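Bear in mind these aren't lab numbers, they're just calculated from the coordinates by the rules spelled out. Note that the coordinates shown come from a computational prediction; the quantities given were computed from them, not determined experimentally. Here the Cβ positions follow ideal geometry from the backbone for every residue, glycine too, while neighbour counts run over all protein chains shown.
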Amino acid sequence: MMVERRLKVVIPEDHRIMVEVPEDIPAGPAELILMIEQPASGEAGEVAASAGSKARFESLADELAADPRSFRELSQEERKARLRRVIGIGRELFSPSEEVARRKEEEVELEERRFGR
């Protein structure tokens, strides 16, 4: 028989946690499931971006804003380079639909295990 035990934790900046289980939990095999609140996503297929990706995107936005020239004033080479950088960072901000589908499958599997289905 599976018994669920919930322990509240806060994930620190270094993303390391040490788990101490209560003494009434017997030694032996166990399954640790990490459940987090995911920020609400906007459009379908969009998932929350990592803080690192957002920071890189904001840094690039600041850098581009510092250039007084408009996009139309850039050479073709400069335009392509700028677009490659934006697209590269943008890929990190949003997961493809396959990733979203994989995560949904994992959520369904987790719920099935949780409710013993």
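Residue-wise HN-Hα couplings along the stretch 69-75, as the Karplus relation 6.51 cos²θ - 1.76 cosθ + 1.60 with θ = phi - 60° gives them from phi, are 7, 7, 4, 5, 7, 6, 6 Hz; Gly and Pro carry x. Charge tally around E4: other residues with Cβ under 13 Å, Lys/Arg +1 each, Asp/Glu -1 each, net +2. Cross-link partners of K54 among lysines, defined as those whose alpha carbon lies under 24 angstrom from its own and excluding same-chain residues fewer than eight positions apart: K80, K104.
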